[in-house]
Amino acid sequence: LVQQVGPPYLVANTEAWINSPAGQKSRQQMDGFPVSLETGKENLLAAYHHGVMLVTGSDAGTLLVFHGPTVEHEVELWVWAGIPAHVALQAATYNAARLLRADGHIGSIRKGNDADLMLVDGNPLQDISAIERISAVYFKGEHIDRSAVLNPE
């Protein structure tokens, strides 16, 4: 998946850094952080049950975190953790736009908004993994040729 969304030079440079002495030291330092999927799940559910507005965030642009599939995976993990699919999808779309104060033109499908759409095969409300099966992408109403984006050569 990383090779599909990241340009070859970025993947190669990232791999070289991970295998470098600095990369190895960084990985060892990260091993000392008390982070677990279970703790994240508990915190997410607590926030949801207390009415906190949830917004996805991928940290895309940092080491091995690429735009696109990272948010998809986060949304799927949220549903696995017990967040209803519609809430997770809203966190990645409308709530994110609200947080950016851009909900007047992105984040929802309504007259006057930018026509930025991702069409998927299946119903993500019934099977959240449908968000991985992208059939078409539109940006400001124009169809995007995904093959040109994923294979720029």
Measuring from label point to label point, each 7 Å out along Cα→Cβ, what is the residue 45 to residue 147 span in nm? 4.5 nm
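Counting only Cα atoms, I'd like the Rg/Rh figure for the chain, Kirkwood definition for Rh. Numbers along the way, then the final one.
Numbers: Rg = 17.6 Å, Rh = 17.6 Å.
Radius of gyration relative to Kirkwood radius: 1.00.
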Full extension from residue 65 to residue 14: what is 0.36 nm times the residue separation minus their Cα-Cα distance, to one decimal in nm? 17.3 nm
From most to least accessible, 1.4 Å probe, no ligand or DNA/RNA atoms counted, 139, 33, 66 line up as 33, 139, 66
Other-chain or far-sequence residues with amide H under 5 Å of residue 120's (modelled H): 135
Please state the relative contact order of the chain as a whole percent: Cα pairs under 8 Å, 6+ residues apart? 17 percent
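The values are calculated or read from the model by the stated rules, or taken from the named source; none is laboratory data. Quantities reported herein were computed from a predicted structural model and do not represent experimental measurements. So basically every Cβ, Gly included, is an ideal-geometry build from the backbone, and we count neighbours across all protein chains shown. When the accessible area is computed, the model is the full protein with side chains, heavy atoms only, and any ligands, DNA or RNA have been set aside. Shrake-Rupley method; radii C 1.70, N 1.55, O 1.52, S 1.80 Å.
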